[in-house]
Amino acid sequence: MFWVAGTFSVLILAVAGIGAWIYTDLDNNINAADVDNKLGGDRPENLSPGSKNILVVGSDSRDGANAKYGKDLTTMQSDTLMVVHIPADREWATVVSFPRDSWVQIPTCDKGNGSKAPAHHFKINEAFSIGGSTGEVASAAACTIKTIEARTGLRMDHFMSIDFQGFKGMVNALDGIEVCPEQAIHDKKAHLDMEAGCQTVKDEKALGYVRTRYSVGDGSDLGRIGRQQEFMDALAAKAQSKLTNPKALYGFLQSATDSLTTDKSLAGIKPLYGLASELKGIPKDRLTFLTVPNYPREADVPSDRANVSWQFPQAADLFTSLAKDKEVGKDRKKALEKAAKKPVYASTVGVRVLNGTGEPGRAAEVAKQLREAGFTVTATGNAPAESRTTKVGYSQGAKGKADVLASRLPGVRAGADDSADAEPGVVTLTVGKEFEGLR
């Protein structure tokens, strides 16, 4: 999260001149994961040289002291998933949260034991557990990066992971953080019992507060994301107020570095200091936190009440803006939130699939992908011989629906379909040989 990439890095600046022994001590704490050699060559292009995307995972590992936080979880888990985008000019930053209940396609991934997990649809946080099935952070990170890159088109430049125990240590070193729940919280899963009203939390209570989900509000992961962002803002403010307290500062950094794992290029005080130098000048009013636009997947699949689908074309517009290094600020955030109130569900998009590749069975294959993504396939067939390019056509009154589908196909735009067989209210997907699948 930005509290790792930002708050931690700002504190690195403060201790940079304290002494070589502290520098070495903290530097040796940071774990390095060799991620690059596990990602392969099929990755998105960096469309904005100089910008950086940092994937940040709050690790829900159940090893060691973390075992009491969950039962029957034998692999590593990702409790929180964010991408921090830092632009080339370093004048703003956007932090995008991905609900862990996001229903996405997870690509083929190395499980860390020599075997591979096939591509399939599931919650996005499963990517971390698949890659981390043997406890290896590098494989867990690689599978998560591959999933995020494939679904967003954003190339990840760095990776950070911090676990439960490190989080508690940072909070405790600052003597706790004040929170103000509007209602009492009693959550057995998060090991939390709190009364309503402002209070300072630390130890298990602080961890339980940022993890609680089912006992607060609507019980969704989205509500938890909001609480986590508010908590991290408070943590950042208190950390900065403790800069003159060497004991608190050192304790904070010890906990942070001891629980931090990064890619090899970021694993060390020196590269983190460099990151801090880049981040320290970003004004707070140009730091934007937002969540990928989404809606309950139940709208597309009535039997699924546990997951969310990303809302298109808004999600694609967000990813494209960041890929092109265009600021997603407070005004854009409000616009996305407004659009989220009137989503176009995939299930309401009727799609006729035409095979323009000349390869038998291609329309049926793509129709299966569309149905898995929640779309309604009305018919399949073959495109005219001259139609060999992937495109989305719409008849009268179906432009909005066509935009939803087209935004999920990299490099494809929707266009009016004036053909005689165009069905009112239905969009036509012509599958060309360059068809890459759904985003």
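The values are calculated or read from the model by the stated rules, or taken from the named source; none is laboratory data. This structure is a prediction, so every number in the text was calculated from the model and none was measured. Backbone-built Cβ (ideal geometry, glycine too); neighbour counts: all protein chains shown.
Just a few scattered comments:
Results for (1) in a loop (DSSP other than H, G, I, E, B); (2) of a type outside the set (G, A, S); (3) in the same structural domain as Q105 (by TED's automatic domain parsing), shown as yes or no for each residue.
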position: R352; (1), (2), (3): no, yes, no
position: V366; (1), (2), (3): no, yes, no
position: R371; (1), (2), (3): no, yes, no
position: G374; (1), (2), (3): yes, no, no
position: P384; (1), (2), (3): yes, yes, no
position: Q396; (1), (2), (3): yes, yes, no
position: E423; (1), (2), (3): yes, yes, no
position: R439; (1), (2), (3): yes, yes, no
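- Taking every residue in region 176-187 that is farther than 13 Å from R213 by Cα and pairing it with any residue that is surrounded by 12 or more Cβ atoms within 10 Å (Cβ to Cβ) and small (G, A, S), at least 6 positions away or on another chain, the pairs with Cβ-Cβ distances below 6 Å are I177/A234.
- Here region 369-386 is the region considered, the condition is being closer than 20 Å to D403 by Cα and not β-branched (V, I, T), and the residue that is nearest to the chain's Cα centre (by Cα) is A373.
- Residue check for T244: loosely packed, with under 14 Cβ neighbours inside 10 Å, out of contact with any His (no Cβ under 7 Å at 6 or more places or on another chain) and of a type in the set (S, T, Y): yes
- Residue in region 291-300 that is more than 28 Å from P87 (Cα to Cα), assigned to a helix (DSSP H, G or I) and not basic (K, R) present: yes
- Of all residues in region 319-342, those that are more than 18 Å from the chain's Cα centre (by Cα) and in a helix (DSSP H, G or I) total 7.
For (1) closer than 28 Å to A340 by Cα; (2) touching a residue at least 24 places away in the same chain (Cβ under 8 Å); (3) not assigned by TED's automatic domain parsing to the domain that holds L322, each residue gets a yes or a no:
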{"residue": "T261", "(1), (2), (3)": "no, yes, no"}
{"residue": "G268", "(1), (2), (3)": "no, yes, no"}
{"residue": "P271", "(1), (2), (3)": "no, no, no"}
{"residue": "L275", "(1), (2), (3)": "no, yes, no"}
{"residue": "D285", "(1), (2), (3)": "yes, yes, no"}
{"residue": "T288", "(1), (2), (3)": "yes, yes, no"}
{"residue": "T291", "(1), (2), (3)": "yes, yes, no"}
{"residue": "Y295", "(1), (2), (3)": "yes, yes, no"}
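- Number of residues in region 245-272 that are out of contact with any strand residue (DSSP E or B) (no Cβ under 6 Å at 6 or more places or on another chain) and part of a loop (DSSP other than H, G, I, E, B): the value is 2.
- Where strands (runs of 3 or more DSSP E) sit wholly within region 152-204, those with at least 1 residues that are more than 26 Å from V56 (Cα to Cα) occupy 185-187, 192-194, 199-201.
- Inspection of region 149-156 finds no residue satisfying the criterion of being without any contact (Cβ under 8 Å) to a residue 40 or more places away in the chain and either surrounded by fewer than 19 Cβ atoms within 10 Å (Cβ to Cβ) or not aliphatic (A, V, I, L, M) (or both).
- Residue in region 400-414 that is among the hydroxyl-bearing types (S, T, Y) and touching a strand residue (DSSP E or B) at 6+ places or on another chain (Cβ under 6 Å) present: no
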